[in-house]
Each structure stands twice: as C-alpha cells, then as structure tokens.
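K.L.:
After the structure tokens below, expect a handful of questions from me.
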Amino acid sequence: MVHALRIQGGKPLKGSVRVSGAKNAITKLIVASLISDKRCTFFNVPDIGDVAITLDMCKEIGMQVVWDKQSKILQVQTQVLKTAHVPYRFSASNRIPILMIGALLARSEQDIIVPTVTSDKTEARPVNYHLDALRELGATIELRQLKKDGAYYAFAPHGLKGCTITLPFPSVGATENSILAAATARGITTIKNAAIEPEVVELILFLQKLGAIITLDVDRTIRIQGTRSFHPVEHTLMSDRLEAASFALAAVATDGRILVEGAEHAHMVTFLNALREVGGNFSIREGGIEFFREGKLKGGIHIETDVHPGFMTDWQQPFSVLLTQATGASVIHETVYENRFGYTDTLTEMGADISSFRKCLGGKQCRFANHGSPHSIIIRGATELSGKAIHIPDLRAGFAYIMAALIAKGESIITGTEFLSRGYEGLAEKLRFLGADIEKQPLPKEHTTTDPDLFVHEFPDDKDDVALLSALHRLDI
C-alpha cells in the first residue's frame, strides 16, 4: 500500500542492519534465465518492486514462478515460451523491457515485440548502444510508433551469429543485452569496451553455471562462445552495494555508528576512499563493514562519477547530502548520465548551498562537455537543513531525500515512497530499528491519485495492438 513517511530529524543512527540482495543483479538474472528451459533457483532475493515487476513481465511470456519471500528463495523456469510479445502495460515500469530483446533473441525464433522504456521521468536514457550491438549480431530491430509509447520490433531472419562488438561507452545495459543475445549465437562473440560492474560479473557467473562458455579479460573484453546446452542453476545473490552505501552515508551524516552486514569490501573500494577523504570512517568486520565518523566532516573533495571501478553514479545523490554537512566547498562532476542533479533543488529549499554548472568541473574527459545540461555541482557546507514536505521523483533521489530528512531540523513528510519500494526492502522498518524517528502515515489527499506515467501503463487491448504491429510488419509499413 502506498503511504507517506513522517521523519523527525536529528537522531543518530546506531546498531546493525543487513543489506538485501542486489536489485540491479537479480532483475537481470531473472531475464537471463529465459534463454534456457532449465529451473533456476536464486537465494537472498529481496522483496522489492522491481523484482515483482520483472517476474510479472516474464510470467506473461511463459515463466513459472515460485517465490518464498520469507526465506528469500525464488525458483523460476520457462519450459516453453507462450509468446515473444511483452505487453504494453510494462512500458515505463522499469528498465528491464529493453533487456528482454537480447534474451528473447537468444531463445526464440518468433518475432519479438518489446515496449519502449522510460522508467524515471528525470533520467530517460538512450538505448542506441543496445540496439546497435544486437544488430551487429544479426538482429533486425525497428521502432514502431503505436499509441503514445511505441515498441521495438525485433527478429533475426538468419539467426544470430558471433561477431566483434565495440561499445562506444562501457554501458552496463548494452553489455548485458549483448551477452544475453550472444549466449546462444553461432560462433564466438567478442565484446570490447564492456562494462565490468560487479552486477555484470554476477550475470557472467550465473550464465557460466547455466552452461555458457564466457570469459572476462582485464582490458574490458568479454568473449562468449554460443551454446544451446544448459543446466539447472542454484545461485546466491550478491549484496546490494547501493543499499550498503546508503546506510553507510546515513551513519556518517547523522553522527551515528552502523554495522552494515553483507557489505562487500571489494565492491566499495572507491566509495570507501571518498568517504574517508571527507572525514567518515569505517572498519572492515567479519561479514560486513562498520561505518562511523570521528570529529567534524571536511569538504574540499572532488568527485567524478565513472563506470566501475570508478565512483558509481548512483552513489552521488546521497553523497551530496553528506557534503552539505561538511565544512568547505566540494565538487561533483557527473560523467555517466545527464540531468542527474534535479534533486538538488529540493536540498536547496531545505537550506543546502548548491550551485549547478553546465561546464565540466573536472579533469576527466566528459561526453557531456557541449550538451548544455547541468552536470557539475558545487556544494558549500556545512549548512543546517530544515524539514519540509518532499515528493520523491525517482529511486536514487528518494534515498537522498530520506537522508536529508534524517539530519534536518524539524519534521519532514515524504510522499512518492513507491519509488523507494522499487529498490529498498523494508527501508522504514530498518531505519526505525537503527533509531530513526520515522513512521508510515496515510497518503495526503493531494497525492492519492497515481500519475499513470510513473508506473505500468494500462492498455487493455494489448492483443489487438500486437496483431496490428505484426500486420504492419508483414506489409512493410
């Protein structure tokens, strides 16, 4: 049920909390299981919105699902594909539909229809890297405009064939899509300039268990030898490094001390360096990392987001909140996605001193140098934040606002919490256990009407749309 959160700031967070399994891994692994007809069993699966949406999407095309949320065990199996058409109501639900193209091309000889994807209004992302890579493997992909959303129509008339793909940018999604399609392609596929995020490595490990012959070289090169021979899989999901960083920052910002159970040192090296540089501290423990601070936070830090092993773009929003409490001026230069600083307007309204710039404030070569969008900010601290009514526009901004409310003076009422449930399991309960003054409240009347563009679009006549698209394709219209 959708609700608001009331937070009274000023309480240091103390205790221990266990992070859930990684959202950005499990959703991809569920899709990856579609390429075979074997049973796949996943452990440490979080009960979050994006997992539920992904499963609903896969069930529509034939996946059988048994999900024990209490024990965090998920079993999936797709013995037969009922269809290769992903219903339009999943348009804008999350970023998973575009990955369905690679998985379905790997499994099915049917024509594939997948709705276009724009999950977060504030950060629509181009998918040309995905589509270009799949075309190099032998797929034909067309964008067909229908109603207000349109769909990608994909097919491989001569099957997929291994090739060399050089990505212009090490995009995580494009890398994953290419891997999925290449898993059953004839011959060997080489992906150069590939993403090597821990979640991509998790996908590689899963596919190797499934039966794929796949290697990852040190120069961002992934090689896949296509196969059609698969095996049942049991796989324990990695911990969510985004959630781990979220609790780490909340501990340091509130001058508390939290043992984050399940936080993995190897996945957070760059984050830990930045945290220590600003005055936060940590201690590596058996089974987790303890976060705290000793003394005042100091600014003067310069952060540039980057692909792994650089500073993760999804870490910068809550880190910005931390920097509002650090003495001195700090710079964050976003080089991965455009338009990721919209959330700072609300922080400014709460009392933060943040200026945005269209120029690159950093030494790293940046793709957005001449795009004219704000992708650098300067944060001057320390400033006192005041509680206010806040509406969450997207997942990562959501936790930044929660964190701001935790350190603010006074009370904050936060709506749009459905975005938090997409990626954080039981967040309010975990924060309350750590000592936060937080409670769920009925949604204010002005927020009881859900904006349909933020969630799954409802089109009751999906079958008619699919038939129409198929007819248009046959007529080459």
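The values are calculated or read from the model by the stated rules, or taken from the named source; none is laboratory data. Quick caveat: nothing in here was measured; it's all calculated off a predicted structure. Glycine gets a Cβ as well: all are built from the backbone with ideal geometry, and neighbour counts include every protein chain shown.
K.L.:
Just give me the residues in region 389-414 being within 21 Å of Ser246 (Cβ to Cβ), surrounded by fewer than 20 Cβ atoms within 10 Å (Cβ to Cβ) and more than 19 Å from the chain's Cα centre (by Cα), in sequence order.
P.N.:
Result: His391, Ile413.
K.L.:
Please verify whether region 369-384 includes one or more residues that are over 30 Å from Ser20 (Cα atoms), without any contact (Cβ under 8 Å) to a residue 12 or more places away in the chain and surrounded by fewer than 18 Cβ atoms within 10 Å (Cβ to Cβ). Even if it seems obvious, please write down each step before you answer.
P.N.:
From region 369-384, those over 30 Å from Ser20 (Cα atoms) are 369-384; that's our starting set.
Keeping just the survivors that are without any contact (Cβ under 8 Å) to a residue 12 or more places away in the chain gives 369-370.
Subset that is surrounded by fewer than 18 Cβ atoms within 10 Å (Cβ to Cβ): 369-370.
Yes, the conditions are met somewhere in region 369-384.
K.L.:
Within the set of pairs 6 or more residues apart or between chains, which connect a residue that is within 25 Å of Ala84 (Cβ to Cβ) and not assigned by TED's automatic domain parsing to the domain that holds Glu243 inside region 34-46 to a residue that is among the basic types (Lys, Arg) and not in a loop (DSSP other than H, G, I, E, B) with Cβ atoms less than 6 Å apart?
P.N.:
Between residues of region 34-46 that are within 25 Å of Ala84 (Cβ to Cβ) and not assigned by TED's automatic domain parsing to the domain that holds Glu243 and residues that are among the basic types (Lys, Arg) and not in a loop (DSSP other than H, G, I, E, B), the close pairs are Leu34/Arg107; Ile35/Arg107.
K.L.:
Output yes when any residue across region 221-234 is under 26 Å from Val127 (Cβ atoms), among the hydroxyl-bearing types (Ser, Thr, Tyr) and not assigned by TED's automatic domain parsing to the domain that holds Glu261, and no when none is.
P.N.:
yes
K.L.:
Taking the condition assigned by TED's automatic domain parsing to the domain that holds Ala181, under 21 Å from the mean Cα position of the chain (by Cα) and surrounded by 16 or more Cβ atoms within 10 Å (Cβ to Cβ), does Gly62 pass? Steps first, please.
P.N.:
On the way: assigned by TED's automatic domain parsing to the domain that holds Ala181: yes; under 21 Å from the mean Cα position of the chain (by Cα): no; surrounded by 16 or more Cβ atoms within 10 Å (Cβ to Cβ): yes.
Considered against the rule, which asks whether it is assigned by TED's automatic domain parsing to the domain that holds Ala181, under 21 Å from the mean Cα position of the chain (by Cα) and surrounded by 16 or more Cβ atoms within 10 Å (Cβ to Cβ), Gly62 comes out as no.
K.L.:
Out of the residues in region 396-436 that are among the basic types (Lys, Arg) and at pLDDT 95 or above, state the one that is nearest to Gly9 (Cα to Cα). Show your work before the answer.
P.N.:
Applying the first criterion (among the basic types (Lys, Arg)) to region 396-436 yields 396, 409, 422, 430, 432.
So of that shortlist, the ones also at pLDDT 95 or above come out as 409, 430, 432.
Working: Lys409: 6, Lys430: 16, Arg432: 12 Å.
Only one residue tops the list, namely Lys409.
K.L.:
Here is a check on your reading of the model: is Gly150 over 30 Å from Asn281 (Cβ atoms) and modelled with pLDDT under 95? Please lay out each step first, then the result.
P.N.:
Working: over 30 Å from Asn281 (Cβ atoms): yes; modelled with pLDDT under 95: yes.
For Gly150, the condition - over 30 Å from Asn281 (Cβ atoms) and modelled with pLDDT under 95 - is met.
K.L.:
I'm trying to understand the selection: among the residues of region 407-430, which are in contact with a Leu (Cβ under 7 Å, 6 or more places away or on another chain), part of a helix (DSSP H, G or I) and not basic (Lys, Arg)?
P.N.:
Selection gives Ile407, Phe419, Leu420, Gly423, Leu427, Ala428.
K.L.:
Just for strands (runs of 3 or more DSSP E) wholly inside region 12-115: which have at least 1 residues that are at pLDDT 95 or above, farther than 21 Å from Ala182 by Cβ and out of contact with any Asp or Glu (no Cβ under 7 Å at 6 or more places or on another chain)? Spell out the reasoning first.
P.N.:
Values: elements: 14-18, 40-43, 64-68, 73-77, 112-115.
Passing ranges, in order: 14-18, 40-43, 64-68, 73-77.
K.L.:
Cβ-Cβ below 6 Å, separation at least six or inter-chain, first residue in region 337-366 and within 15 Å of Leu323 (Cβ to Cβ) and modelled with pLDDT under 90, second surrounded by 14 or more Cβ atoms within 10 Å (Cβ to Cβ) and among the hydroxyl-bearing types (Ser, Thr, Tyr): which pairs?
P.N.:
From residues that are within 15 Å of Leu323 (Cβ to Cβ) and modelled with pLDDT under 90, the pairs are Leu361/Ser376.
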